[in-house]
Amino acid sequence: MTTDNMLADAYALAHTRRMACPDDIALLAAVTDTLPDVPTVVQLGAGSGTMSLVVYAIRPQCFMITVDHDQQNLNWEAKALANSTGDPTILEHVQLHTPSKRAGENYRAVNVDLLIVDADQSYPGVKNDLIAWMPNMKKEGLIFVHDYDGTTAPESYPGVKQACDEVLGKRPKYRRGWSGVFNARFSKAFADQLSQ
Ligand SMILES: C[S@@+](CC[C@H](N)C(=O)[O-])C[C@H]1O[C@@H](n2cnc3c(N)ncnc32)[C@H](O)[C@@H]1O
């Protein structure tokens, strides 16, 4: 399976499942292309596996962990990856069937190049995920937040931007589609608040 074919599968899945727009896919592909050759990627929220296809298309050697509290969605993701790669036992991929916040707190040994935040899209949900996962991020790591700016999306989640503004600051490094990408560090105001 080539990069182009896997990306085409991701665009097709985004279109049918309506969980992401083409610009989200393009941004995630561009950001993944800036990562090391063998990056560690953590995705919070398996959904239908759309974003996993993007990451594997660009970095087939990645070590990827997907976290979801719904086993059925993990199964959908595994199926999408197996279908697109033609490898039914795709080994590089780890799935954690657990709430995203708990996974961040329990797996401190994971050292993350790219965190994809796309699980509980409420204000406390996103805030908790960012706080729980930040200690696991590499210094130069990136955080891709889906539905950061979903004003044109079929469903919008204003709590996502509210949490990012507070925890990461109001200026994403990149912004395209419904998504924003941030350097993996707390905003100064939030870091000050945490240290009090
Ligand atoms: C919008 S979908 C993710 C879409 C996915 N990124 C993709 O590319 O298709 C959200 C997912 O997050 C999961 N989820 C929601 N809240 C969660 C939580 N607190 N912990 C773990 N998974 C959660 C849902 O089960 C669902 O699969």
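The values are calculated or read from the model by the stated rules, or taken from the named source; none is laboratory data. Everything numeric in this text was worked out from a predicted model, so none of it was measured. Here the Cβ is made from the backbone with ideal geometry for all residues, glycine too, and neighbour counts use every protein chain on show.
For segment 105-176, the strands (runs of 3 or more DSSP E) that sit wholly inside it and include 3 or more residues that are within 17 Å of Gly45 (Cα to Cα) and touching a residue at least 24 places away in the same chain (Cβ under 8 Å) are 112-117, 137-145.
In segment 54-79, the residue that is farthest from the ligand (Cβ to nearest atom) out of those that are over 15 Å from Leu114 (Cβ atoms) and surrounded by 23 or more Cβ atoms within 10 Å (Cβ to Cβ) is Glu77. Return yes when Thr89 is in contact with a helix residue (DSSP H, G or I) (Cβ under 9 Å, 6 or more places away or on another chain), more than 14 Å from the ligand (Cβ to nearest atom), farther than 25 Å from Phe182 by Cβ and in contact (Cβ under 8 Å) with a residue 24 or more places away in the chain and no when it is not. The answer is no for Thr89.
Checked against (1) at pLDDT 95 or above; (2) within 8 Å of the ligand (Cβ to nearest atom); (3) in contact with a Phe, Trp or Tyr (Cβ under 8 Å, 6 or more places away or on another chain); (4) of a type outside the set (Asp, Glu), Ser48 passes all but condition (1).
One residue stands out among those in segment 150-185 that are within 15 Å of the ligand (Cβ to nearest atom) and surrounded by fewer than 20 Cβ atoms within 10 Å (Cβ to Cβ): the one that is farthest from Met51 (Cα to Cα), which is Gly159.
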